[in-house]
């Protein structure tokens, strides 16, 4: 295994953590008011082939021996299933998982390589496909990048397949088998929603360019400014991409989300819609923003659009963007808004003198 990111980094020994027992599959009592059944398990428990890649911060255990490869899943057996599996490409958030499960969605969070971002593709200027190629290799475990080498068992795709197989064996009443093909060798990707926030939103969009999926949900993303993969032909139809951002997020004020959304072709399905003064279904647009008051805090603006501690709350403490999240994950993809012209403020051409982050 080699890392070739243009930096002077010594090749480190691969750490292989032996599989251990399931940490916890914490199912709520079926008769309790909490109907969500939740699971937590290490990737290394499910598949003994998985490895660490310490050069890019992708490890099974931390330096002090704590598990770093925990994966999470949730389902509500009492909810009418929508026949969709959400693969969340960012850190676990119970509030998000519980909402999705309550809406009849199955949801998993696989452990996959996302820490490479601060290590690789740091050249100035950076190659216009450097980040996109690494994202695709991290997602698939296939050879798309000359900067990293990630094996198939360690890509998001294979880890998701193995995770769903494990969930099906552990919890057959959850109907996880509906997302596996007849031989259980792969997922039925036409039933998969890839979703994420920030870095995860960007990888979700890049993967959907490569593999046709049911839907893509991009919270505070995608970014990858000055990269060109956003304009590549897409295996996933463009109307299946949905984005949501805060207008004070640096990715929005720098026109990076706007640029990516237009390169993905989302202006063909409606204008940018401010959800603060528009009711669902937001004109069936794929480009949603909020200007909720964050007191000028750019960092909070970045995370406010994600269900969790930083989400916008009303006077009663409830999340005010619940309808937005429901729309993003469940609105019929065939219902779209009317096309609009591109915004001249959204820079499409790469600025080669700058370093894209």
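The values are calculated or read from the model by the stated rules, or taken from the named source; none is laboratory data. Everything numeric in this text was worked out from a predicted model, so none of it was measured. Heads up, the Cβs are rebuilt from the backbone with ideal geometry, glycines too, and the neighbour counts pull from every protein chain shown.
For this structure, a couple of remarks:
- Strands (runs of 3 or more DSSP E) completely within the range 180-251 that count 1 or more residues being more than 20 Å from residue 332 (Cα to Cα): 192-197, 241-246
- Residue 197 being crowded, with 17+ Cβ neighbours inside 10 Å and either at pLDDT 95 or above or under 19 Å from the mean Cα position of the chain (by Cα) (or both): yes
- Condition met for residue 98 (farther than 22 Å from residue 309 by Cβ, surrounded by fewer than 23 Cβ atoms within 10 Å (Cβ to Cβ) and either more than 13 Å from the chain's Cα centre (by Cα) or modelled with pLDDT of 95 or more (or both)): no
- Selection of the range 134-157 for residues being assigned to a helix (DSSP H, G or I) and more than 18 Å from residue 196 (Cα to Cα) yields 152, 153, 154.
- For the range 271-317, the set of residues classified as surrounded by 20 or more Cβ atoms within 10 Å (Cβ to Cβ) and more than 27 Å from residue 98 (Cβ to Cβ) consists of 272 only.
- Check on residue 165, at pLDDT 95 or above, assigned to a helix (DSSP H, G or I) and touching a helix residue (DSSP H, G or I) at 6+ places or on another chain (Cβ under 6 Å): no
- Complete set of residues in the range 38-51 that are under 21 Å from the mean Cα position of the chain (by Cα) and within 14 Å of residue 149 (Cα to Cα): 50
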